[in-house]
Amino acid sequence: MIKDPCLWHGVSCDPLKGRVITLNLSSNLNSTCSVLQLSASKTAEVKGDQVRGNFTLLYPCLHVDVDDNISFVGLRGRLSPAIGHLTKLRVLSLGFNEFFGELPLEMGKLNLLEVLDLGFNAFHGPIPAALKKCTSLRVINLSGNQLNGTIPAIFGPITSFQVVDFSFNKLSGEIPNELGENCGSLMHLHLASNELSGSIPSNLGNCGELKSLILSSNILQNDIPSSLGKLENLEALDLSRNFLSGLVPPTLGDCKQLKLLVLKNKNGPLFSRKGSSFMFHQEEYGEGDYNFFEGELPESIVKLYGIHVLWLPNVNLEGIFPQTWGSCSNLKRLNVAQNFLTGQIPASFGNCKNLYFLDLSSNNLSGSLPAAIPVPCMVVFNISQNSLYGNISRFSHGECSNGSLNLSMSYMDLVGLYSSFFYRNALINVGSGPSPFSLSEFVVLHDFSRNQFTGSVPPFIISLYTLSAKLNYGFWLNGNNFEGNLSV
């Protein structure tokens, strides 16, 4: 056996002092993996898809990263209290493994720690209040565990947070007001899928650098604070599956960078974890009562040039459906189904060249259907249960990309908006195989049913690509006054 550790595979030493500075365990390990007594070590890396066993961390490293193991690795065990000896540690990344037990209080001794990523393990118990001593923390990801209790008072002492992700846990109590008092650097706040109650703190409007605010699937109540309109850098806002009420603030139209706005989704977040990957979920109606607002859909929101996703089904909206959709070249998904909107479907939807999902069903819309809407290009086009009338014109699909449907549906674009950067490695392979979006057994759905349409059904409502690709196609015309033959 070679006794000089500097000659071992995966070990790097300082050429002058001959001391170990890097330990790389990228190999087939099937036993307990320990980083022990490496007093000069700066980095410990555990990578690859064959690492198995328990993992114990001791003594002063600067960087410990096993995050590249993702779903292929079964690193498991408790996080030892001895981690408190890693006083020079700056990055601790142990996400997507099988660690369990409570988070050790000794983590509070890591006062140089900048990144703490323990996401998607099986930790339980409270979030240690001792973390407030880690005053260098910029990123904390504890998502996808079984943590409970309230969110501790760590946001007063720590003012350097850029990312806070406690989503997919069992946290309760209110969102701390202090979170909005020391948030000058905060860019991502994700608290979805917990049991948080109370109001959304109005002082979150002070977090001027905030890019994503994801508070879905809690039991939050009362109004959406109008102060959120001060978030000029906000790109993604998901407040769905809560018990919010009041008006949809027109001030949200001041969030000029907003790309994703989700205010209602009855069956949980648009994305949820399955194993170590995230899957997209289609809206299903009929269960639960969440987020009932009042008033109109503010035109200030629909005029947002950069909006990609506007998701407000069954939120009790009323008034005339906005007609000013002319600057919607980035709009991809619009769902305002099951509201009380009146007026006509605007011809300006024809300018929405990237729109592939349009659900206006179950409203009180009237008038004729504009021929400018590129229905054959859409994956979902649902205008059922309205009061639309007249003939259906021959739709054009000359603007479809390569004459085909957008079946990719920009899935990764949406994930990039919705998810913090912790999830992205786990999403790389989601887009392969069958489309992650589905409506029951249908890949494409066009629903004209339960209106007052007359005349014959024009050809080419469905694109030729759909037919040639033998895609499952859901096409409903029932409940109208059509006549003649159906041709394609």
Q.
Here are the criteria: (1) hydrophobic (A, V, I, L, M, F, W, C); (2) surrounded by 15 or more Cβ atoms within 10 Å (Cβ to Cβ); (3) under 20 Å from residue 129 (Cβ atoms). Tell me which single one residue 214 does not satisfy.
A. (3)
Q | Subset of the stretch 451-477 that is crowded, with 19+ Cβ neighbours inside 10 Å and assigned to a loop (DSSP other than H, G, I, E, B) - its residue that is modelled with the lowest pLDDT | A | 463
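Select from the stretch 437-450 the residues that are at pLDDT 90 or above and not charged (D, E, K, R) and list them in ascending order. Write out each step before concluding.
First, the residues of the stretch 437-450 that are at pLDDT 90 or above: 447-450.
Result: 448, 449.
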Q) Quick check, is residue 329 surrounded by 15 or more Cβ atoms within 10 Å (Cβ to Cβ) and modelled with pLDDT under 95? A) no
Q: Can you give me the number of residues within the stretch 309-331 that are assigned to a strand (DSSP E or B), closer than 18 Å to residue 262 by Cβ and among the aliphatic types (A, V, I, L, M)?
A: 2
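Do the conditions hold for residue 286, that is, is it at pLDDT 85 or above and of a type in the set (Gly, Ala, Ser)? So that I can check it myself, show each step before the final result.
Numbers: at pLDDT 85 or above: no; of a type in the set (Gly, Ala, Ser): yes.
Here the answer is no, as residue 286 does not meet what is asked.
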Q: Select the strands (runs of 3 or more DSSP E) contained entirely in the stretch 113-226, then report the ones holding at least 3 residues which are in the same structural domain as residue 243 (by TED's automatic domain parsing) and within 28 Å of residue 245 (Cβ to Cβ).
A: 146-150, 170-174, 188-190, 195-198, 212-214, 219-222
Q. Assuming residue 381 fulfils every condition listed in (1) buried (at least 21 other Cβ atoms within 10 Å of the Cβ); (2) more than 28 Å from the chain's Cα centre (by Cα) apart from one, which condition is it?
A. (2)
Q. Is there a residue in the stretch 256-268 that is of a type in the set (Gly, Ala, Ser) and at pLDDT below 50?
A. yes
**Q.** Qualifying position, being more than 18 Å from residue 318 (Cβ to Cβ), surrounded by fewer than 23 Cβ atoms within 10 Å (Cβ to Cβ) and in contact (Cβ under 8 Å) with a residue 24 or more places away in the chain, among 238, 254
**A.** 254
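The values are calculated or read from the model by the stated rules, or taken from the named source; none is laboratory data. Because the structure is a prediction, the values reported are computed rather than measured. Note: ideal-geometry Cβ built from the backbone for every residue, glycine included; neighbour counts use all protein chains shown.
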